[in-house]
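Just below is one structure, and these are the notes that go with it.
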Amino acid sequence: MPRYYFQLRDQTYELLDPEGIECSDDDALAGAVLANARDVIAGDAKRGVVNLRFRIDAEDETGTVVHSLSFTNAVRVLRAG
């Protein structure tokens, strides 16, 4: 099964995934990226600041980005009024 590395990035910051995860197909990869992004956002919310400027780039073992998800596309924000 292919291994993918979830790199957390914005314009100036990056946190690299040294371990990666195995995913069986593109749908499983997209679901894992979405779940990971939402988990990071949930952790931010618990600390009181949600930073939506990040994205997760899923790279294959050659370093090629095969899927990317902006945090703004990982959740829907509803505002009062």
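Every number here is computed from the coordinates shown, using simple stated rules; none is lab data. In this text, all values refer to a predicted model and were calculated from it rather than measured experimentally. Because the Cβ atoms are built from the backbone with ideal geometry, glycine has one as well, and the counts that use them run over all protein chains shown.
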If you go through the stretch 34-67 one residue at a time, how many are among the small types (Gly, Ala, Ser) and in contact with a helix residue (DSSP H, G or I) (Cβ under 8 Å, 6 or more places away or on another chain)?
2
Matching residues in the stretch 8-44 - criterion: being of a type in the set (Val, Ile, Thr) and buried (at least 16 other Cβ atoms within 10 Å of the Cβ):
Ile21, Val33, Val40, Ile41
Working only within the stretch 5-64, note down all residues that are of a type in the set (A, V, I, L, M), in contact (Cβ under 8 Å) with a residue 12 or more places away in the chain and assigned to a loop (DSSP other than H, G, I, E, B).
Leu52
Subset tally (residues that are β-branched (Val, Ile, Thr) and surrounded by 14 or more Cβ atoms within 10 Å (Cβ to Cβ)) for the stretch 45-62:
2
Out of curiosity, is Thr72 part of a helix (DSSP H, G or I) and of a type in the set (S, T, N, Q)?
yes
